[in-house]
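The values are calculated or read from the model by the stated rules, or taken from the named source; none is laboratory data. All of these numbers come straight from a predicted model, not from anything done at the bench. Counting neighbours? That spans all protein chains shown, and the Cβs are built from the backbone with ideal geometry, glycine included.
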Amino acid sequence: MSYAEAGKMYEKIGVDTEKALEKLKNVTLSLHVWQGDDVVGFDSREALSGGIQTTGNYPYKANTPEELMKDVDFAFSRIPGKKKLNLHASYAIIPEGEKTDRDAIAPRHFEKWVKFAKERGWGLDFNPTFFSHPMVVNGLTLSSPDDKVRRFWIEHGKRCIEISEYFAEETGVPCVMNIWIPDGYKDIPADRIGPRRRFAESLDEIMSVPYDKSKVYVTLESKVFGIGVESYTVGSAEFCTSYSATRHITPLMDNGHYHPTEVVSDKISSMLLFNEKLALHVTRPVRWDSDHVVIFDDETREMAKEIVRCDALDRVFIATDFFDASINRLSAWITGGRSVAKALLYALLENSGDMKKMQDAHDFTSLMYAHENLKTMPFGDVWREYLRREGMEEDYLTDVKEYEKELSKSRK
Ligand code: RNT
Ligand code: ZN
């Protein structure tokens, strides 16, 4: 079917495909750098820790900043829409011979990334890295009972706020700085409030650094459990929601961070009622926080629909967070990024106004019909039109295979 024909079909259900495409191209997606190298980074090259894991040993991983930037270029240029690059502190580029630890990193260690982003017209987001480092002692960082450990990580957090502000100033785009700590216990603790009190105090100290709140949005990501921290997680949902609300920062929900039958799509509306902004990590949990590549599945669509139905495209910071080392990393990146864009388009092609009316009239017969009818609408034709306008094709696999051939000559 042609795009024009598809447009007519959508018109019949009261949807304007042109308006949908117009809205979609202005949505910014923050794409994570860490899919490119299995969350390794450049500053310490320690094994990934903190209850998160990449599995698989697919070859040709990026090993240097230059290689990673080249891969980012390859992948991002095949993902439609406005983009931001989401960095972790562990991607600091520290000159040979210089010994700068995470408590002392500075804007100058990110100059190359800033130049890279500016040349491409992208904003930058940032994350302090509270894992994969020898100062994570007994799995603890900001909640540690050890003063020295806590101080180290508080300093790290402070440096990261300064770097985030530098990103915003340089790119002209506000920077979202997300805090996630892995702290927790494998087995049943005796004191649950102590670590949480220390975490809150540490966060307060980090946030005491003066920063421009119109330039840096600090977000706090909760979690339910991780590998090796099955019994107790310091930064739980209740902790992070309450902390964010009382300190006027932005809560971040990662859809892998809840019990398997909970869904973030159902949480978005409540959070939007009580927060000015909301941040998301879009991922795909398979039975646990496995961080599988995002695909065009029910929950991704449902999350997108909630953002659109709540008319909150300008209030939600949408970022991707997945890492798969078992398949081609570039393809994984593109598949994940495109899936989020697809879900947003799918959501924009719903006549939510009429459907809300059906709900309010308690006409769930018509509502079920409307929901089901959407599934066989010519969505693919509108998607291909979007790609065409963005100068992209539906097939990216051919390019990925070719690029992989080239990489196989220089990388292991
Ligand atoms: C971990 C969190 C966190 C990380 C990244 C690398 O469970 O989801 O967001 O995945 O910071
Ligand atoms: Zn996350």
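Tabulated results
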read-out	value
Scan of segment 145-175 for residues that are closer than 17 Å to R198 by Cβ and crowded, with 24+ Cβ neighbours inside 10 Å, ordered by number	W153, G157
Matching residues, segment 169-190, being of a type in the set (A, V, I, L, M), away from ligand 1 (no atom under 16 Å from the Cβ) and closer than 15 Å to G226 by Cα	I188
Some residue of segment 308-323 being farther than 21 Å from T28 by Cβ and either buried (at least 18 other Cβ atoms within 10 Å of the Cβ) or of a type outside the set (G, A, S) (or both)	yes
Only one of S269, S290 that is farther than 15 Å from N178 by Cβ and more than 16 Å from ligand 2 (Cβ to nearest atom)	S269
Unique match (being β-branched (V, I, T) and touching a strand residue (DSSP E or B) at 6+ places or on another chain (Cβ under 7 Å)) among T261, T241, T246	T241
Qualifying residues in segment 293-307 (those that are assigned to a loop (DSSP other than H, G, I, E, B) and away from ligand 1 (no atom under 16 Å from the Cβ)) - the one surrounded by the fewest Cβ atoms within 10 Å (Cβ to Cβ)	D297
Residues satisfying the stated conditions in segment 186-211, i.e. in contact (Cβ under 8 Å) with a residue 24 or more places away in the chain and assigned to a helix (DSSP H, G or I)	G194, P195, R196, R198, F199, A200, S202, L203, D204, E205, I206
Which listed residue, of S290, S214, S269, is part of a helix (DSSP H, G or I) and either surrounded by 14 or more Cβ atoms within 10 Å (Cβ to Cβ) or touching a residue at least 40 places away in the same chain (Cβ under 8 Å) (or both)	S269
Test: residue in segment 185-202 that is under 23 Å from the mean Cα position of the chain (by Cα), under 17 Å from E162 (Cβ atoms), among the hydrophobic types (A, V, I, L, M, F, W, C) and more than 16 Å from ligand 2 (Cβ to nearest atom)	no
Tally, over segment 28-56, of residues that are under 20 Å from F74 (Cα atoms), near ligand 1 (Cβ under 10 Å from one of its atoms) and aliphatic (A, V, I, L, M)	2
Tally, over segment 272-287, of residues that are more than 13 Å from ligand 1 (Cβ to nearest atom) and either buried (at least 23 other Cβ atoms within 10 Å of the Cβ) or assigned to a helix (DSSP H, G or I) (or both)	4
Check on L68, of a type in the set (A, V, I, L, M, F, W, C), on the phi < 0 side of the Ramachandran plot and in contact with a strand residue (DSSP E or B) (Cβ under 6 Å, 6 or more places away or on another chain)	no
Positions within segment 213-229 being basic (K, R), more than 10 Å from ligand 1 (Cβ to nearest atom) and in contact with a helix residue (DSSP H, G or I) (Cβ under 9 Å, 6 or more places away or on another chain), in sequence order	K215
Considering residues of segment 115-138 that are buried (at least 22 other Cβ atoms within 10 Å of the Cβ) and in a strand (DSSP E or B) only, the residue nearest to ligand 2 (Cβ to nearest atom)	N127
Residue within segment 167-180 that is under 30 Å from F116 (Cα atoms), part of a helix (DSSP H, G or I) and more than 22 Å from the chain's Cα centre (by Cα) present	no
Every residue from segment 85-104 that is within 16 Å of ligand 1 (Cβ to nearest atom) and assigned to a loop (DSSP other than H, G, I, E, B)	A92
Elements of type helices (runs of 4 or more DSSP H) in segment 311-412, at least 2 residues being hydrophobic (A, V, I, L, M, F, W, C) and closer than 25 Å to G14 by Cβ	329-348, 352-360, 364-374, 379-389
Segment 139-153, subset part of a loop (DSSP other than H, G, I, E, B) and over 27 Å from the mean Cα position of the chain (by Cα), residue farthest from K186 (Cα to Cα)	D146
Some residue of segment 41-50 being of a type in the set (S, T, N, Q) and modelled with pLDDT under 95	yes
Hits in segment 249-266 - residues which are part of a strand (DSSP E or B) and within 13 Å of ligand 2 (Cβ to nearest atom)	P251, L252, M253, D254
